[in-house]
Amino acid sequence: MEKIRKPRGTMDILAPESDLWIYVEGKMRDVASRFGFSEIRTPTFEELGLFKRGVGDTTDVVQKEMYTFTDRDGTVFALRPEGTASVVRAIIENGKTSDPMPLKYYYIINCFRYEKPQAGRSREFFQFGTEMFGAKGPAADFTVISLADTLLRELGITGTKLHLNSIGCPDCRPAYREKLVEYLSANRDKLCDTCKARLEANPLRILDCKNPDCKEIAEAAPKSIDHLCEECDSHMKSLTEMLEAAGIEYEIDTHIVRGLDYYTRTVFEFICEGIGAQSTVCGGGRYDGLMEQLGGPSQPGIGFGMGITRLLMAMEQCGAYVPEAKRPELYIASLGAAAAVSANCITTDLRRHGIIADCDVMGRSLKAQMKYADKIGAKYTLILGDSEIESGKAVIKNMKTSEQTEILIKDAAEFILNNKE
C-alpha cells in the first residue's frame, strides 16, 4: 500500500527539534509579557471577505496565495494567510475597542499561503506577531520595534539590522503615488509582467520587486520619504530619535513598502544576512485605517510578524545558545512483577513532584532496561527488585560519574530535587 505523505510545503516537527521550538516560543511569550502584551488566539480559518477587505484585493496574497474552501452552507472561508486581520476582527467582535488604550496583543500561529516551497518559505508557516491599537504617536512604533529587537537579542541572533521607511498617510500618499506612477509609466517597457499589472493597482509593490530590471528602475524612482506631509515627517524624525537614544541601529531603506495594502507611515524589517534569500526575520509597520476598514471605530495600529522557521535558521547561522533537550532525571529499572508495580507507583510520585522520571513499560530484561536508560540520557538510575522493596532501600547511580548512593526509596524525590544540576 502506498504511503501517505505530508502535503508539499508543510513540515513535521519532532523531538529534539520540537524542544527548540518550545524554547523559542517560551522566549517570545516572556519578552512580549514584559512589554505588557497578552496572548490572543483566533480561528485558523475566517470568512474570505475578512482578508479581501483587510489584506487587500490587489495583493499577491489575496490574488494568488490563499487556500479557500466553500462550506456546506455556501460560505467561502480561507485559511489565514496572516494574523493581523483576524486580531482586528476579534477586537471588534468582542467589544474590546471600549477597553483602556492601548490594546496590546501577541500571538503564535500557523498561517497558509500557496507559494513555491524553498528555504525559509513554506506553504504552512509559523509566525509570532504583535499588534498594538489606540496609540498614534511614534512611541508606539518604538515600543513594537524595541520588542522585536529585544527578542532577537535574547535569542542570540546577531548581525541583524533594522531597515526603516515611511510610506506616508492618506493625506500625502496620493501626490507621491502620482509621481511614482508617472515615473514608472515612462519605464513601463522595462518592467516585468507582474509589475506591469501592478502599475495601476498597487505601484508601491514595484519598489521591492526582486526582478533585476525592476530593481534597477526602482533605484531611481521617487522616494516616499521625500514626499511626506509635515505630520508624517515629524513622526518619522521622532521615531528615529528614540531609536538612536536607545542604541537601536537602523538604516533608511526606501525599498521597504511591505506587501499588504493596510500599511501607512512607518514600515520596517529586521534583516539577518547569511541565512539565504529569505533574510527578513521580522517585518511590520503601522496600519492606522485598518480597524475602521473592517467595521470598527477609527483606531491607529502598529505591529509586526516574525517567521519562526527563519528565526531558527538565523539562530543556527549565529551559533546561538540552544538548550539541551530535557531528559529523565531518574529511570527506575525493575526486576520482577512486584517491582514493576512499585516502579510505576514511585515514578508517578516523582512526576507529581515535578521530576522527569521514567520506568519500563515494554517488559524488557534488566540489562535491556539499563541500556535504554543510557540511550535516553537518564541522569540517575535506580534498580528495584524484591530485596529493595523489602528493605525499603535502593542504590541510586549517577550515570555521568558512576557514583552510587544508597537511599530510602521513599526519599527518591527529595534526593533528585537536592541534586539537580
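Miscellaneous remarks
- Evaluated at q = 0.12, 0.23 Å⁻¹: base-10 log I(q)/I(0), Debye formula over Cα of region 330-416: -0.29, -1.20
- Cut-off 13 Å between beta-carbons: net charge of the residues surrounding Lys190, Lys and Arg +1, Asp and Glu -1: -2
- Distant-in-sequence amide H partners of Asp288 (H built 1.01 Å from N, under 5 Å): Thr264, Gly301
- Counting Lys and Arg as +1 and Asp and Glu as -1 over every other residue whose Cβ lies under 11 Å from the Cβ of Glu230, the net charge comes to -2.
- Using alpha-carbon coordinates, inclination of helix 173-186 to the longest axis of the chain, degrees: 80
- Folded to 0 to 90 degrees: helix 138-154 orientation relative to the chain principal axis, Cα: 40
- Shape of region 60-175, Cα gyration tensor, a/c cut at 1.5: oblate
- Fluctuation leader among Thr381, Thr68, Thr194 - the chain, Gaussian network, Cα springs under 10 angstrom: Thr381
- Region 168-306: C-alpha pair distances exceeding 25 Å, %: 32
- Value at 222 nm in deg cm²/dmol, rounded to 500, when DSSP H runs of n ≥ 4 in the chain each add -39,500 (n - 2.57): -11000 deg cm²/dmol
- Between Arg327, Arg198, Arg310, the GNM of the chain built on Cα springs shorter than 10 angstrom shows Arg327 fluctuating the most.
- Summed side-chain charge close to Pro138 - residues other than Pro138 whose Cβ falls under 15 Å, Lys, Arg +1, Asp, Glu -1: -3
- Region 25-123: C-alpha gyration tensor shape, a/c 1.5 cut-off, then a/b vs b/c: oblate
- Taking the C-alpha atoms only, the angle from helix 230-246 to the longest principal axis of the chain is near 30 degrees.
- Calculated P(r) of region 1-70 - Cα pairs past 18 Å, %: 67
- The Cα trace of region 279-333 gives Rg and Dmax of 20.6, 65 Å, the first to one decimal, the second as a whole number.
- Sorting the Cα pairs of the chain by distance into bins of 10 Å, from 0 upward, gives 4, 18, 24, 20, 13, 10, 7, 3, 1, 0 percent per bin.
- Between Thr405 and Lys161, the C-beta separation translates, for a Förster distance of 41 Å, into a calculated FRET efficiency of about 0.20.
- Full extension of the segment from Met11 to Cys192, taken as 0.36 nm per residue of separation minus the current Cα-Cα distance, would add 61.9 nm.
- Whole-Hz couplings from phi, Karplus 6.51/-1.76/1.60, listed for region 24-34; x for Gly and Pro: 5, 5, x, 4, 4, 5, 5, 5, 4, 5, 5
- All Cα pairs of region 301-351, percent lying beyond 16 Å: 66
- With a Förster radius of 45 Å applied to the beta-carbon distance between Lys116 and Ala139, the computed FRET efficiency rounds to 0.70.
- Under 28 Å from Lys371, Cα to Cα: lysines that are on another chain or at least 8 residues apart: Lys326, Lys379, Lys393, Lys397, Lys400, Lys410, Lys420
- Rounded to the nearest 20 debye, dipole of region 330-416 from Cβ charges on Lys, Arg, Asp, Glu: 360
Laboratory data are not the source of any read-out in this text; all were calculated from the coordinates shown. All of these numbers come straight from a predicted model, not from anything done at the bench. Methodologically, a virtual Cβ is constructed for each residue, glycine included, from the backbone with ideal geometry; neighbour enumeration extends over all protein chains shown.
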